[in-house]
1. List every residue pair whose Cβ atoms lie under 9 Å apart, where the two residues are 6 or more positions apart in sequence or sit on different chains, the first residue falls within the stretch 45-62 and is closer than 19 Å to GLY159 by Cα, and the second residue, located anywhere, is crowded, with 24+ Cβ neighbours inside 10 Å and among the charged types (D, E, K, R).
2. Scan the stretch 262-280 and report the pairs whose first residue is in the same structural domain as SER86 (by TED's automatic domain parsing) and crowded, with 24+ Cβ neighbours inside 10 Å and whose second residue is basic (Lys, Arg) and modelled with pLDDT of 80 or more, with Cβ atoms within less than 8 Å and a gap of 6+ or a chain change.
3. Residue check: is PRO241 in the same structural domain as ALA72 (by TED's automatic domain parsing), surrounded by 14 or more Cβ atoms within 10 Å (Cβ to Cβ) and assigned to a loop (DSSP other than H, G, I, E, B)?
4. So how many residues does the stretch 17-41 have that are closer than 30 Å to LEU114 by Cβ and either assigned by TED's automatic domain parsing to the domain that holds MET68 or buried (at least 21 other Cβ atoms within 10 Å of the Cβ) (or both)?
5. Looking only at the stretch 57-85, which residues are in a loop (DSSP other than H, G, I, E, B) and aromatic (Phe, Trp, Tyr)?
6. Considering the stretch 281-312 alone, what residues qualify as being surrounded by 21 or more Cβ atoms within 10 Å (Cβ to Cβ) and of a type in the set (S, T, N, Q)?
7. Taking the stretch 471-502 only, how many residues are surrounded by 12 or more Cβ atoms within 10 Å (Cβ to Cβ) and either touching an Asp or Glu at 6+ places or on another chain (Cβ under 7 Å) or within 22 Å of VAL423 (Cβ to Cβ) (or both)?
8. Give the stretch 299-348 a look and list any residue that's over 28 Å from LEU197 (Cα atoms) and assigned to a loop (DSSP other than H, G, I, E, B), or say none.
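The values are calculated or read from the model by the stated rules, or taken from the named source; none is laboratory data. What you see is a predicted model; the values in this text were computed from it and never measured. In this analysis, Cβ positions are derived from the backbone assuming ideal geometry, glycine residues included, and neighbour counts consider all displayed protein chains.
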Amino acid sequence: MNRALTPNSSLISLPGWKRLLLYRREWLGADVLAGLTVAAYLIPQCLAYGELAGVEPVGGLWAILPAMLIYALFGSSPQLSLGPESSTAGMVATILAPLAATRSESYINLAALLAMIMGVVCLMGYVARLGFLANLLSKPLLIGYMAGIALMMIGGQLGQISKIEIEAHAFWGQLREFITHLELAHLPSVILAILVLVFLFAFEGRFPNLPIPLIAILLSALAVGLFNLDARDLAVVGEIPASLPHFLIPQVSLPDLMTLSGSAVGISLVAYSDNVLTARAFAHRHNYKIDAHQELLALGLANLGNGLMQGFPISSSGSRTVIGDSLGSKTQLFSLVAMATVILVLLFWRPVLALFPKAALGALVIYGASKLIEVSQFIRLYRFRRREFILAVFTTIAVLMTDILVGVAIGIGLSVIELFLRVARPQDALLGKVPDLAGFLHPLDDCSGAATISGLLIYHYKAPLCFANASNFKRRALESIESQLHRVEWFVLNMEANVEIDITTSDMLCELTQELAAKNIIFAMARVKQDLYLQLERAEFWQNLSLKHIYPTLERARAAFEQHKLDSQLKLTISRASSEKESSITSEHSS
């Protein structure tokens, strides 16, 4: 793993900066082209997100500038694009609308304050090292999440490519409105979008070294200029306002602080989940690692910076990340190029992008989103384990049917249930000797010719013992004893899967020990680790089990059993000899 991507003991880490210091010249072309194309897309998109959040549209462009710079230095993903995003923008409007009139000075101040509180929440999570929560995001969850996000992205562009006024924000509502209002579609916009999609699908794979998406956007802009399509009501980016944000500390009042703090926690959960899921999905696609803990720091600092620069809460953008990825972005230099382009556009180049048609930009997003739906991965999950396939499908549906946070929560809940099912009902095995094969760790079901030693049963429960499977373990252990043809004298439990134990399991083992003792069966343990031994001692388990029946290895347990049998036979022989001698003496006296 790259050293820059691993967690370290220092409080502040700059993995993005370290990566830029190791920059390769061959990456430059792809990063610059990706940055220019992302800038061409994000300008109209962020203007719309500023509108959605309830601030001035140019506020969407202001919010992108601190985020891109800060994430380029502190972020652990070389491809993630941070900035205004539809979910967080919509949540900002929902949270702040009851508190202040839209676009008033009070509203803008509250939006910046909300961003700062969100930044503090994420930084507190970083200091408390809560990044481990991202480990709950399994591969099926990632696959299902990205498919759901991709469909949401496609649904969000249906109005863009058709000029149909779609009011719904959920995927199914957008799809329904699009289908039911197809007669209102603007034909030139639809034709242009279809031509751009055909161009992208036809040439992207055939010419991987060319910036096909950027060429598609430039050709569509050229068509607008040559054929005067904007005069035919084709929507274009249009005039972009000229201004830059400035440093401003939001005015804080205690009531505002108390009101916004709870909302900031909720929006932080949405933003962080989206951040890590998107970053990890692209990391899986390109075989590198991201640091979920570092993402908390980067997201917190980006939002804190946004709040101080008249911005509003932001998160990652799947669509912009997709566009950068489709052009081969390698590092966060693409974000810095996009940021520089936005600044130049705001100051000098506003007319340059005025002719970019929105339908072509929508088609570009749809094309990128389609690449996130990995049908081959769904097929792979189906062949591997049906439950993981169902988890991925349900996650996709949950993301589409609810919102991102609820969908992710449902996916995590299903993952935990699936994990508990495997822990609560794991496989087990009886271990025995295999002729001409070393060791005593061979399951009888897996090895032909494997056999137990008469009177000795070595049992392996293939999961850590805990409250969730204690009853299942006891039932199956007793069933394994009852299934033997010969009487079981020793029951040896292989504890190699256990490093700790809970009180429920300890009490269950005590009960099992007593039940076996009532049947004249000796209960023994093998491969007990020191930490587990001490926990069992604190649980007073050893009061029910003789310490002489604890063995470091299975082989030592087998040797102890055989010695026990020899000792028993010797005692029996001595006892018989003694009985015969006493009987002989008694006979002599009788005579």
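1. GLN45/ARG320; TYR49/GLU85
2. none
3. no
4. Residues meeting the conditions: 5.
5. Listed by number, the list is empty, since nothing qualifies.
6. Once the filter is applied, which keeps residues that are surrounded by 21 or more Cβ atoms within 10 Å (Cβ to Cβ) and of a type in the set (S, T, N, Q), the stretch 281-312 yields GLN294, ASN303, ASN306, GLN310.
7. The number of residues fulfilling the criteria is 18.
8. Those that are over 28 Å from LEU197 (Cα atoms) and assigned to a loop (DSSP other than H, G, I, E, B): MET309, GLN310, GLY311, PHE312, PRO313, ILE314.
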